[in-house]
Amino acid sequence: MSLEQLIHKCKINDTKAQSELYMLFSSKLFSTCLKYSKNYAEAEDNLQDAFITIFKKIAQYKNKGSFEGWLKRITINTALQRYRSQGVFEIINEEAIEDETVSIEDNDDDVSIDFLLKIIQNLPDRYRLVFNLYVLDGYSHSDIAELLKINLGTSKSNLARARQILKNKILEYKTGLHSQSL
């Protein structure tokens, strides 16, 4: 069955088609949920909630643009919805923010992708969400501010702080590896 046919059947609430759509996209969308969740269990909840929303709103998809992109936007919004009402974002003065770039040596062969994912996931919520949206998913600060209901300066500040925390964790890790090899 083609994707177009599958979408059409989902629009008429065909449960077999819904199950097939879930099987087709759940692993990709789960990895998106993991980026925006505190832990594995929360990611599972977010995935479940995202699919409930997807099946409720699939009639709104007009076969224009990437279907996978549409699914991903719903999944990200579902995960972010948990944080909007929790007040995890600090409000700051926008003029106080310098767009600081934190760089890490390109010689990061001794830093595994698992370690990087772990330290990103351990960032405080407000920093992790902004970092993932900006760095991993390519959203602009104005888009992030709108999505998270925060001001532009808060988005920039949270990104700068996330980068600084990550830089420090990587440097600690690398220093620990270096001292172990001596």
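No lab work stands behind these numbers, since they all come straight from the coordinates. These numbers were taken from a predicted model, which means no experiment stands behind them. As a convention, Cβ positions derive from the backbone with ideal geometry for all residues, glycine included, and neighbour counts pool all protein chains shown.
Can you tell me the length gained on complete extension of the stretch residue 142 to residue 8, counting 0.36 nm per residue apart and subtracting the Cα distance?
Gain on stretching residue 142 to residue 8: 44.8 nm.
So for each of 135-146, 151-162 I average, over its residues, the number of other beta carbons within 10 Å; can you give me the resulting order with the highest mean first?
151-162, 135-146
Quick one: of 16/72; 118/169; 16/62; 118/156, which pairs are farther than 19 Å apart, Cα to Cα?
16/72; 16/62; 118/156
Pulled fully out, how much extra length does the chain show between residue 164 and residue 113, if you take 0.36 nm times their separation in residues and subtract their Cα-Cα distance?
16.5 nm
Which of 40, 66, 54 sits closest to the plus end of the dipole of the stretch 3-84, meaning its Cα is farthest towards the positive end, when Lys and Arg get +1 and Asp and Glu get -1 on the C-beta?
Going by the charge dipole, the pick is 66.
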